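Accompanying notes for the structure given below.
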Amino acid sequence: MDNVIENKLRLETIGLSVFYGENPGVKDVSLKIYDKKVTALIGPSGCGKTTFLRALNRMHDLTRGAKVTGKALIDGQDIYDPKLDPVIIRRKIGMVFQKPTPFPTMSIYDNVVAGLKLVGFRDRKLLDEVCERSLRQSALWDEVKDRLKTPGGSLSGGQQQRLSIARALAVEPEVLLMDEPTSSLDPQSTNRIEELIGELKDQVTIIIVTHNMQQASRVSDYTAFFYIGSLIEYNKTTKIFTSPDQKRTEEYITGQFG
Amino acid sequence: MRSLRSRYARDNVVLVFIILNTVAVLIPLFIILGYVIVQGFNYISLDLFTKELGSPTRNMMGEPTGLVHTIIGTAVVDIMAVLISIPFGIGAGVMLSEYPDHWANPILRVLNDTLNGMPAVLKGLLAFVLVVKPMGSFSGLSGGVALAFVMFPIIARATESALMNIPWSIREAGLAIGLPRWRVILSTIIPAAKVGLVTGFLIAFARAAGEAAPLVFTSFGNNYLPVKWTGWIFGPVDTLPQRLYNLAISPYEHWHGMGWAAAIILLAVITASFAAARFFIRDKKQE
């Protein structure tokens, strides 16, 4: 793995484990995430990739009986520092979920600016700008610019997912976690979101969990292969998909299991 | 083909059975409604809504009597119950639904279930000990507190289930854009659960509005309008369910009739709040 240290380090986990009760969902994972790159987490169902992802912005804080051990650092700062408010971490590290999650009672506009408006930003001009910028970034602006006041729930599934991405981008996170963002979408919407990931990586560091290996190879710079809670192999995507070091990685990528 | 036909036949038999059952359940309801209206209708008059009841001799002397003090009293006591129970009930419901890991959660759940299952008359006793004893007199306020004990657990439970119906992913989405937990609950979860909250409140209100037992030794009852407006809150106050009972057990025929009229008013109030609840539920389905 020596050839992966040429980029700037952004996020790092050292011996990170996540327990649900007694059972580890993720075991002793050490991983370096590089700045303004797309890192894909792949592996069969139940391998712990989503669990690992959610550990990075302290989403497990709310899960009953979940416990995180080991270290997770962003720019050298301990994400699990007990003195640190998880809200501050989540402002830096945004997240997009598997299913679109527009806030049910809010308009498209209010959905996008929720992260600013609900913490006290009232400047209408600023919010308008943020709304347009975020919707343009998520390639949704042209489709919704004439109906920003209509409910977010009235959009199609693919549009709702792009709305969720716009909402995550509005608070200008430095890192964006994407948990199978296209798994509930049709091929066309999937394409748009993959294009979007390509455009966004100049501005944010992206970590994407995906079941789809073609997707991982298309969008990512680095790929981590998880199996039964452990990190099996981590390297540049081209290396993982052409000549993986580990036998199990090769078997998974060539479709022999998973 | 024959087997298909016989299945349709069986389907029809079951359907008729279900319809008959429904009718059987509804018949007593319509008998009660019809009987109350027939008995009380002639006693509905302008005086009923504008005059106080006074002593039994007042009617015998031919003076106009009515239940205006009871109607206002019911409104005062019910409004106080609503004002007390809504913040506590919704607060408890939020606690039950949103903070399942908090140490106070199981305690609150047991307390709430106990309160919910407690006979209404004991809630009156509770309010008697908490309010009437320290203040030294029966009062509208103590009646409001007693009815708040009736409403509180219903509102808490309804709030809990309304909030639980909102997918967990919405909360995570709110947290993921860096909102504090309370802000997520206040600005995304509660508005989304609004229909359930309003429905739960109306059901709790309809339930409390019909209770007489908790009011017997709290708001106590009164045949007269209070001298000063503070009497509505700090003095003994009349309420419809309790007045209905008192009129019914009185030895005067005219008062019996007024009792039926009071029942009509009470039924109208309760039916209106249930109808409003149904209206909100239907509204939700159309969305």
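The string of couplings for region A:127-141 from the Karplus curve (6.51, -1.76, 1.60, θ = phi - 60°) is 4, 4, 5, 4, 4, 5, 4, 5, 5, 5, 4, 8, 6, 10, 3 Hz, one whole number per residue in order, with x for Gly and Pro. Ordering of B:162-169, B:103-110, A:41-48, B:243-250 by packing is A:41-48, B:243-250, B:162-169, B:103-110, highest average first (other Cβ atoms within 10 Å, averaged per residue).
Among B:I249, B:V131, B:A272, whose Cα lies farthest out toward the positive end of the dipole of chain B, if unit charges sit on the beta carbon of Lys, Arg (+1) and Asp, Glu (-1)? The residue sitting most towards the positive pole is B:A272.
With the convex hull constructed from alpha-carbon coordinates only, region B:45-86 shows a mean projected area of 3.3 nm² over all directions. What the phi angles of region B:205-213 give under the Karplus curve with 6.51, -1.76 and 1.60, with θ = phi - 60°, is a coupling list of 5, 4, 5, 5, 5, x, 7, 9, 3 Hz, glycine and proline written as x. Computed across region A:199-250, the Kirkwood hydrodynamic radius from all distinct Cα-Cα pairs reaches 11.7 Å.
Ordering A:R124, B:R181, A:R147 by the number of other Cβ atoms within 10 Å of each residue's own Cβ, fewest first, gives A:R124, A:R147, B:R181. Return the single residue from A:V171, A:V209, A:V119 with maximal mean-square fluctuation; model: Gaussian network over chain A, springs between Cα atoms under 10 Å. Fluctuation is largest for A:V119.
Taking amide H atoms as placed 1.01 Å from N in the peptide plane, the amide H of A:V29 lies under 5 Å from those of A:G15, A:L16, A:S17, each 5 or more residues away in sequence or on another chain.
Computed over region B:46-286, the percent of Cα pairs more than 34 Å apart is 26.
Note on region A:19-90: Rg/Rh from Cα positions, Kirkwood definition for Rh, rounded to two decimals, is 0.94. In sequence order, region A:161-167 has phi-based couplings of 5, 5, 5, 4, 5, 4, 5 Hz under the Karplus curve 6.51 cos²θ - 1.76 cosθ + 1.60, θ = phi - 60°, and Gly or Pro positions carry x. Over the C-alpha trace of region A:82-141, radius of gyration and Dmax come out as 13.0, 40 angstrom. Remark on region A:2-253: hydrodynamic radius 18.7 angstrom, per the Kirkwood mean of 1/r across alpha carbon pairs.
Grab the eigenvalues of the alpha-carbon gyration tensor for region B:1-70, scale each by 5, take roots, and send me the semi-axes largest first in whole angstrom.
55, 9, 8
The P(r) of region B:2-43 has a tail past 12 Å containing 69 percent of all C-alpha pairs. Size descriptors for the protein assembly as shown: radius of gyration and Dmax over Cα atoms are 32.0, 108 Å. The H on the amide N of A:M106, modeled in the peptide plane, is under 5 Å from the matching H of A:G152, each at least 5 residues off or on a different chain. Under a model in which nothing but the beta-carbon of Lys, Arg (+1) and Asp, Glu (-1) is charged, region B:16-129 shows a dipole of about 200 debye around its Cα centre. Across region B:218-287, Cα-Cα pairs farther apart than 18 Å form 56% of the total. What chymotrypsin sites (Phe, Trp or Tyr not before Pro) does region A:189-258 have in DSSP loop regions with at most 10 other beta carbons within 10 Å? Loop-located and lightly packed - A:F257. Only Lys, Arg, Asp and Glu carry charge here, each on its Cβ (+1 for the first two, -1 for the last two); on that basis chain B has a dipole of about 840 debye about its Cα centre.
Remark: the Cα gyration tensor places region B:6-155 in the oblate category, a/c being 1.5 or greater and a/b not exceeding b/c. What is the helix-to-structure angle for B:68-98, meaning the angle in degrees between its Cα long axis and the longest Cα principal axis of chain B, kept from 0 to 90 and rounded to the nearest 10? Tilt relative to chain B: about 20 degrees.
A Gaussian network model of chain B, with springs between Cα atoms under 10 Å, assigns the largest mean-square fluctuation among B:L175, B:L240, B:L266 to B:L175. Just checking the listed ones, B:G93, B:G144, B:G231: in the Gaussian network model of chain B with Cα springs under 10 Å, the one fluctuating most is B:G231.
The charge dipole of the protein assembly as shown, taken about the Cα centre with unit charges on the Cβ atoms of Lys, Arg (+1) and Asp, Glu (-1), comes to about 520 debye, rounded to the nearest 20.
Positive end of the dipole of chain A (Cβ unit charges, origin at the Cα centre): among A:T242, A:L118, A:Q214, the Cα lying farthest that way belongs to A:L118.
Fewest neighbouring Cβ atoms within 10 Å first, the residues B:L96, A:L84, A:L163, B:L20 line up as B:L20, A:L84, B:L96, A:L163.
Ordering B:W255, B:W229 by the number of other Cβ atoms within 10 Å of each residue's own Cβ, fewest first, gives B:W229, B:W255.
We did not get these values from a lab; they are worked out from the coordinates using the rules stated. Everything numeric in this text was worked out from a predicted model, so none of it was measured. A quick note on method: Cβ atoms are made from the backbone with ideal geometry, for glycine too, and the neighbour counts reach across all protein chains shown.
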